[in-house]
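Heads up: the structure comes next, in structure tokens.
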Amino acid sequence: MTDYKTPDNKIPLFLPHSSASTDLNKTGSWRYVRPLYDEKTSACSAACPVGEDIARIEMLVSQQLIPQAWETILKENPFPAVCGRVCFHNCEGACIRSQMDDAVAIHHLERFVGDTAISSEQTPKIKALPDNGKKVAIAGSGPAGLGAAYFLTRLGYGCEVFEAQSEPGGILRWGIPTYRLPQEVLEKEINRIEKLGVTIHCRTPVTTEMLETFKTQYDAVFIGCGYGRTIDLKIKGAQKAINGLQFLYNIRAEHDVEVKTKGTAAVIGGGNTAIDVARTLVRLGGDPIIVYRRRRQDMPAFDPEVQMALNEGVKLKELLTPIRIEGAGSASEDHPAPYVMTLQKMKVSATEIKGRARVVPDGDKTEKLQVDHIFTAIGAEPTESWHHVPTAEHPSLTLSHCKLIDADIPIAYGGDLTNRVKSVADVSGLS
């Protein structure tokens with residue numbers, strides 16, 4: 001008899017292995033294997049900035065349980081009909097269905113659910129916690145401020161929102177064109193938040209003096225003032241350019257902008273504001289050209305928006321940055337366009353970790369572009385210096401969507417002030 005013992009007097013464990021499938025080898029050598037159940041968050045929900053239970057929403061819609069699907073969204077997202085239009089649906093990029101054919105059109109589904117709830121005047125049945133007697137002051141009525149008011153009210157806090165403009169909504173109302181977000185849809189979503197008991201004070205900008213007053217009248221403060229000021233071009237002739245954010249504001253406020261939309265327009269920048277300005281100009285009869293210092297694949301704007309802009313006729317000039325703006329007479333007396341831009345040609349010097357190009361001037365190479373109007377959208381920043389999050393003055397706690405400061409009373413900063421990604425879903429997902 002063969003001795004299978006090892007030198008240390010132990011009997012080794014031999015596991016038989018079969019390469020045949022269980023269709024043929026039904027009771028064979030794989031019988032010692034047992035399945036392991038691993039509970040995971042679905043890929044789409046994990047990619048969602050607000051953490052919606054997308055699988056459950058899809059299941060409820062498939063069973064025609066639209067009110068229940070709507071309330072499932074509302075547990076994590078206060079703006080179903082808004083995000084169904086303006087969210088850039090990271091969920092679809094993670095959808096494993098795309099490995100078979102195409103991703104599930106989750107954002108269309110969310111828009112349908114939100115619009116159905118609005119048209120049928122549904123009232124959510126989500127229960128809020130009892131009033132705990134504490135009050136929170138919220139600076140800014142954009143997606144971050146309204147999102148904070150929505151969730152805090154559901155947790156039993158009394159919330160008052162202070163807004164500098166004449167109407168609430170922040171970037172939702174003043175910075176997103178109506179072709180993407182109709183005003184009546186936004187107002188319905190905001191009205192639902194107000195019905196929870198949230199009070200919104202318009203034409204009431206928060207100042208540093210008011211903040212001191214808040215410390216005696218409220219138990220906490222949330223600052224979500226957003227990025228309301230466009231970064232200026234620091235080149236000769238920059239005063240000839242039009243602020244892109246201000247242009248979008250004027251459109252929504254129905255100010256007269258027709259004179260600024262006829263003819264060729266250069267839009268400097270590569271973010272979502274630049275795309276919104278360019279697509280708005282197309283709708284107003286203009287001929288926009290986006291001028292971007294890097295390549296298209298490096299643009300911070302979301303790619304579907306860039307593609308739609310190109311499909312609509314917007315032109316894109318890559319690897320160019322303006323260095324001077326002059327009157328067109330300096331270049332061509334007979335050209336009808338009033339401005340000439342001198343553009344520095346750029347070249348890729350390296351690739352950053354996330355694949356974005358690092359660019360440097362390509363020697364002394366330049367080119368000129370003659371246009372009727374120039375718009376800037378090279379980025380934005382807080383309107384007031386005190387909107388910046390304090391760094392070392394007080395103990396703080398950094399969370400995924402906001403930062404808490406332990407001052408005289410708790411102060412939370414959120415929205416664009418603390419989020420790396422400046423999107424409606426990211427800055428409103430405070431749950």
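Placing pseudo-labels 7 Å out from each Cα toward the beta carbon at Asn250 and Met210 gives an inter-label distance of 2.6 nm.
In this Cβ point-charge picture (+1 for Lys and Arg, -1 for Asp and Glu), the chain has a dipole of about 900 debye about its Cα centre. Mean projected area of the Cα convex hull of the stretch 230-378, taken over all directions, amounts to 9.0 nm². Within the listed set Glu305, Glu326, Glu209, the Gaussian network model of the chain (springs between alpha-carbon atoms below 10 Å) gives the highest mean-square fluctuation for Glu209. DSSP finds beta bridges in the chain, and of those with both partners inside it, around 45 percent are antiparallel. Just one of (1) 73, 51, 43; (2) 70, 56, 47; (3) 106, 61, 49 is Cα extents along the principal axes in Å as worked out from the coordinates here. Which one is it? Computed from the coordinates, Cα extents along the principal axes in Å corresponds to (3). Of the residues Glu352, Glu381, the one with the fewest other Cβ atoms within 10 Å heads the list, and the complete ranking is Glu352, Glu381.
Among the DSSP beta bridges whose two residues both lie in the stretch 230-378, what percent are antiparallel, rounded to the nearest 5? Show your work: numbers first, answer last.
Numbers: 18 of 34 bridges.
Percent antiparallel among DSSP bridges in the stretch 230-378 is about 55.
Applying a DSSP loop filter and a limit of 11 other Cβ atoms within 10 Å to the GluC sites (Glu not before Pro) in the stretch 100-201 leaves Glu121. In this structure, the amide hydrogen of Ile290, modeled 1.01 Å from its nitrogen in the peptide plane, lies closer than 5 angstrom to those of Val267, Lys315, Leu316, Lys317, counting only residues at least 5 positions away or on a different chain.
Mean-square fluctuations from a GNM of the chain, with a 10 angstrom spring cutoff on Cα atoms, peak among Gly145, Gly114, Gly237 at Gly237. With helices as the sole contributors, the chain gives -8000 deg cm²/dmol at 222 nm; each DSSP H run of n ≥ 4 counts as -39500 (n - 2.57), and the sum is divided by every residue.
Going by how many other beta carbons lie within 10 Å of each one, how would you line up Ser423, Ser396, Ser349, Ser385, fewest first? It would help to have the intermediate numbers written out before the result.
Numbers: Ser423 19, Ser396 16, Ser349 11, Ser385 8.
Fewest-to-most Cβ neighbours within 10 Å comes out as Ser385, Ser349, Ser396, Ser423.
For the stretch 386-421, the residues whose amide N sits under 12 Å from a probe point set 7 Å from the Cα of Arg356 along the beta carbon direction are 420-421.
So for Met100, Met341, Met346, fewest C-beta neighbours within 10 Å to most, what's the order?
On the way: Met100 8, Met341 27, Met346 20.
Lowest to highest Cβ neighbour count: Met100, Met346, Met341.
Neighbours of Trp386 by Cβ distance under 12 Å: Lys/Arg scored +1, Asp/Glu scored -1, total -4.
Rounded to the nearest Hz, the phi-derived 3J(HN,Hα) couplings of the stretch 149-155 under the Karplus curve 6.51 cos²θ - 1.76 cosθ + 1.60 (θ = phi - 60°) are 4, 4, 6, 5, 5, 5, 8, where x marks glycine and proline.
Return one number: the angle in degrees, 0 to 90 and rounded to the nearest 10, between the long axis of the Cα atoms of helix 183-195 and the longest principal axis of the Cα atoms of the chain. Tilt of helix 183-195: around 60 degrees. Among Ile138, Ile176, Ile405, the largest mean-square fluctuation in a Gaussian network model of the chain (Cα springs under 10 Å) belongs to Ile405.
Where a number appears in this text, it was derived from the coordinates with a stated rule and is not lab data. Keep in mind that what you see is a predicted model, and the values were worked out from it rather than measured. Backbone-built Cβ (ideal geometry, glycine too); neighbour counts: all protein chains shown.
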